[in-house]
Structures are given as C-alpha cells and as structure tokens.
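The values are calculated or read from the model by the stated rules, or taken from the named source; none is laboratory data. No experiment lies behind these values; they were computed from the predicted model shown. A quick note on method: Cβ atoms are made from the backbone with ideal geometry, for glycine too, and the neighbour counts reach across all protein chains shown. Accessible surface areas use protein heavy atoms only, side chains included; no ligands, DNA or RNA. Shrake-Rupley method; radii C 1.70, N 1.55, O 1.52, S 1.80 Å.
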Amino acid sequence: LSDNRVEPDKYIPHFDSMRSIEYKFKPLRKVRTVAIVVVIIIIFMFLPWTQNVRAPGNLTTLYPDQRPQTVQSVIPGRIEKWYVREGELVQAGDTIIRISEIKDEYFDPKLIERTDQQITSKKNSATNYKEKSIALGDQIEALEKNRINKVEQTENKLIQAELKLISDSIDYEAAKLDYSIAAQRVERMEELYKQGLKSLTDLESRRLKVQEAQAKKISAENKLLTTRNELVNAQIELSAIDNEYAEKLGKARSDRNSALSTFYDTEAEISKMENQLSNYQIRKDNYYVTAPQKGYVTKTISQGLGETISGGSEIVSIM
C-alpha cells in the first residue's frame, strides 16, 4: 500500500466497527521500543541478584561467639544461690550463681588477711637479714683495715729489730775486740811486771780494764741476744696477726654469706606467698559465676541448692 493504510472493507468485511479505524504502521516507533527493551535488559544483567531456593536445613551462624554456649565454673564448689532462671535475658557480667568452698585448705574466712600478715612478717625478716649482711660487710671492711694497720706496725717493728740486731752485732764485735786487746795487754803487762819493768799498780790497772772490757762484751752479747729475741718475736707476731685476722675475716664472711643466703631464701618465700595470695584473691572472685556475654538462658544444667560441682562443670546454657 502506497499510503500505509489498510482498507478495512477489503480485509475485514464482516466487522463494521473496524471500518472506522485507521491502522498506520510506523517503523521508527517500533525500533525505539526495541532499543529501550534491550537497554533495560542490559541494565538488569549488571544488577546484583539472588536466586531463592526452598530446601530443608538447620539454622546456624558463622560467628562462634553467637552460637549456643555453656557457662562453666572455674573452681569446684557448692551451689549456694541462683540469680537467673531459664528463658531470662542476661547481660555480660551478670551473676548466674554463687558457690561456696568445699576444700578444707580454703575454709579459713580470713585466709587472705592472714596470708598478707605472713608476707609482711617475712618482708620484715628479709629486711633484718639484709641489714645484718650490710653490718657484717662493714665489719669485714673494718677488719681488713685493722689487719693492714697491724701488719704494717709489726713489719715496722720487724725492720727496727733487724736494724737493731745489726747495730748490736757491731757493738758486740767491738766489745769482743776490746776485750781481746785488753787481755793481750794484761799478758804483756804481767811479763813486764815479772821482769820488774812495770809496777804492781800498773798491772792491776790493766787487769781492771780487762774486767771492764769483759763486762762490756757480756753486756753487748746480752743486748744482741735480746735483739735477736725481739726479731723472732716480731716475726711470730706477724704470722699470728695473719692467722688471727684470717680467722676473724673467715668467720665474718661466713656469717655474711649465711645472712645473704637466708635473705635470698626469704625473698623466694615472699614471692611464693605473694603468688599464693594472688591465687586466693582470684579464687575468691570465682565464687560468683557470671555471664560471659549477652544472651538468653536456655537451659540450667546444674540444678538445686547445695549441689556440689567440680571445676569445669557446665552450669547453664546461653544463646
């Protein structure tokens, strides 16, 4: 058809109403419609979408802290009081039950106080041992100084005795020489007296000088022997000082080491007792079992009052 018209009378002769309708075919409108549909389809291809499928299964969660869990008691004990019931909503930190002690070593109600007093006593004892070790250290230092002074004094005495011994030896040798000369002169004087060349007075004078020389020799010899004894005594005294102070210093060092050893042992006992005190305090806090997080109490596993539970026993289930 050249004018894009459909003649109603030709194709639909039996419908009178169609004779008044003019049908026009427009290709541009058709192309526009198709393009819009294609664009919409492309847009839907890039939109996120899911498929819904019906299937049987169990509801769960991927987060472990959101799954049902049981609350356990850290320590053994006896149930004294319940603070929750099944189906109740609890917040994190809410008390679930209170338990009491069942072990005899924890029965003392003043256990923490008494342990703290024992720690204080041990600390005082450790302080005393430390002060004792310090005092013994000062004593050792004083003994060392005294030993050095004593040794120096005795060494000086020893040196003086040695010098005096040399001097007395010289004096003794001189006295011996004088005596020998005097004795020879007396002998010559006696011969001259016998010959009548010397008088008796001269002879007696010589004999008196011999006696004086002999007395000086004896005195010098005694002095020399005394000096030798002083030298020996100085040497003995020097050795005695070393032995005396070695004994005193050894005893003082032994006492100091003993005090330090006791101090370190006491410090170790204090650390052990402080550890016990911390354990007692933490154990006391565990008498109250609390909820770890917010949730509903779905089931009470341990029931009743007075029931004994062991460490790690399950008490309630929370979801």
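Points to keep in mind about this one:
- Accessible-area rank, largest first, for Y83, Y288: Y288, Y83, with all protein chains present and a 1.4 angstrom probe.
- Annotation for the stretch 268-291 versus the stretch 170-230: alpha-carbon center distance of 101 Å.
- Inter-label distance, nm, simple model (7 Å from Cα along the C-beta direction), T127/A92: 4.3
- Separation of the L208 and Q72 label points, Cα + 7 Å toward Cβ, nm: 12.4
- Take the Cβ atoms of A215 and A240, set R0 to 51 Å, and the FRET efficiency comes out at 0.90.
- With the simple spin-label model, which puts each label point 7 Å out from Cα in the Cβ direction, the I148 to A174 separation comes to 4.1 nm.
- Sulfur and carbon atoms: percent of accessible area, the chain [1.4 Å]: 52
- Taking amide H as placed 1.01 Å from N in the peptide plane, the amide H of T290 sits under 5 Å from that of I96, each at least 5 places away or on another chain.
- Per residue, the chain exposes an accessible area of 74 Å² to a 1.4 Å probe, with every protein chain left in place.
- The lysines whose alpha-carbon is closer than 27 Å to the alpha-carbon of K103, local same-chain residues fewer than 8 away aside, are K81, K122, K272, K284.
- Charge tally in the Cβ shell below 10 Å around Y83, where Lys, Arg are +1 and Asp, Glu are -1, Y83 excluded: +1
- For the stretch 178-319, projected area of the alpha-carbon convex hull averaged over all directions, nm²: 19.2
- At R0 = 51 Å, FRET efficiency that the Cβ-Cβ distance of E105 and Y63 yields, to 0.05: 0.80
- Area of T290 that stays accessible when all protein chains are in place (1.4 Å probe, Å², to 10): 60
- GNM remark for the chain: springs join alpha carbons under 10 Å apart, and the peak mean-square fluctuation among I148, I270, I218 falls on I218.
- Calculated from backbone phi, Karplus (6.51, -1.76, 1.60) coupling profile of the stretch 115-125 in Hz, x at Gly/Pro: 5, 5, 5, 5, 5, 4, 4, 5, 5, 5, 4
- The amide H of E307, built 1.01 Å from its N in the peptide plane, has I79 as neighbours under 5 Å, considering only residues 5 or more places off or on other chains.
- Directionally averaged shadow of the chain, computed from the convex hull of its alpha-carbon atoms, nm²: 54.6
- Highest-MSF residue in the chain out of L47, L225, L89 [GNM, Cα springs under 10 Å]: L47
- Per-residue HN-Hα couplings for the stretch 96-101 [Karplus 6.51, -1.76, 1.60; θ = phi - 60°; Hz; x = Gly/Pro]: 9, 9, 10, 10, 10, 7
- HN-Hα J in Hz across the stretch 268-281 - Karplus 6.51, -1.76, 1.60, θ = phi - 60°, x for Gly and Pro: 5, 5, 5, 4, 5, 5, 5, 5, 4, 4, 4, 5, 5, 5
- Backbone amide hydrogens, once placed in the peptide plane, bring E88 within less than 5 Å of V297, excluding anything fewer than 5 places away on its chain.
- Angle of helix 27-46 to the longest C-alpha principal axis of the chain, folded into 0 to 90 degrees and rounded to 10: 30°.
- Largest GNM mean-square fluctuation across L224, L260, L208, computed for the chain with C-alpha springs under 10 Å, falls on L208.
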